Amino acid sequence: MYRIGFSRDIHRLEKNNRPFILGGVKIPFHLGNVSHSDGDCLYHAIAEALLGALALGDLGHFFPDSDSKYLDYDSGLILKKCYEMIYKKGYVINNLDTVVVLEKPHLQPYLSQMQSNISKLLDTDIINVSVKAQTNEKCGEVGNNNAVVCFAMVLLRKEN
């Protein structure tokens with residue numbers, strides 16, 4: 001049995017004292033993520049796609065931004081916990097396709113590390129994980145470097 005999940009996440013970017021983190025990689029940039037957790041938009045999109053594939057709810061249900069326990073929380077732990085939820089239900093990653101939309105900085109030098117980080121957290125072979133980057137052609141909030149948006153689509157496979 002297969003299940004498909006899709007999600008999109010967006011985070012504002014601004015000058016602050018926070019690092020810019022995507023796919024578990026701290027990327028040198030003059031803007032930082034705005035979020036209750038550490039703000040890893042890519043991990044959040046993937047985590048919610050996992051939850052959606054099995055109709056388990058959304059990230060806010062499990063990791064509410066009203067709970068101080070999740071202030072500056074490591075999004076890698078969020079992703080790992082969401083994967084554990086689907087794994088306990090007998091599912092594993094068949095494949096995952098993601099897109100990060102961001103005007104700057106250019107992400108090409110970091111994509112393979114993001115891919116590796118994600119495959120480890122999801123306990124799947126790296127060939128099952130795709131991470132792509134696009135710009136927004138200077139259109140809208142993303143195109144003006146005020147935000148980053150990430151999309152994730154996952155196909156889960158029933159293992160047992």
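Values in this text are rule-based calculations from the coordinates and carry no lab data. These figures come from a predicted structure and were not determined experimentally. When we count neighbours, we look across all protein chains shown, and the Cβ atoms used for this are built from the backbone with ideal geometry, even at glycine.
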Exercise. For residue 58, what charge total do you get from the other residues with a beta carbon under 11 Å from its beta carbon, if Lys and Arg give +1 and Asp and Glu give -1?
Worked result: -2
Problem set entry | Helix 111-121 vs. the chain, principal-axis angle (Cα, 0 to 90°, nearest 10) | 40
Exercise. Within region 18-160, what percent of beta bridges assigned by DSSP are antiparallel, to the nearest 5?
Worked result: 70
Seminar exercise, completed: Restricting to Cα pairs under 8 Å and 6 or more apart, the percent relative contact order of region 2-158 works out to 34
For this session: With label points built 7 Å along Cα→Cβ from the Cα atoms of residue 144 and residue 95, find their separation and express it in nm.
Result: 3.8
Exercise. Just 75, 119, 66 to compare: in a GNM of the chain, with alpha carbon springs under 10 Å, which one fluctuates most?
Worked result: 66
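So between residue 87 and residue 58, what do we pick up on full extension, going 0.36 nm a residue minus the alpha carbon distance?
8.8 nm
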Problem set entry | Per residue Cα convex hull volume in Å³ - calculated over the chain | 100
Seminar exercise, completed: Per the Cα gyration tensor, region 69-160 corresponds to an equivalent ellipsoid with semi-axes, largest first in Å, of 27, 16, 12
For this session: Going by C-beta contacts inside 10 Å, put 153, 1, 85 in order with the fewest on the left.
Result: 1, 85, 153
For this session: Would you mind telling me which residue in 52, 140, 23 has the biggest mean-square fluctuation in a Gaussian network model of the chain, where springs connect alpha carbons within a distance under 10 angstrom?
Result: 140
For this session: Using only Cα atoms, tell me the angle between helix 75-88 and the longest principal axis of the chain; keep it within 0 to 90° and round to the nearest 10.
Result: 20
Exercise. Of 26/120; 15/120; 132/158; 81/120, which pairs sit farther than 24 Å apart, going by alpha carbon to alpha carbon?
Worked result: 15/120; 132/158
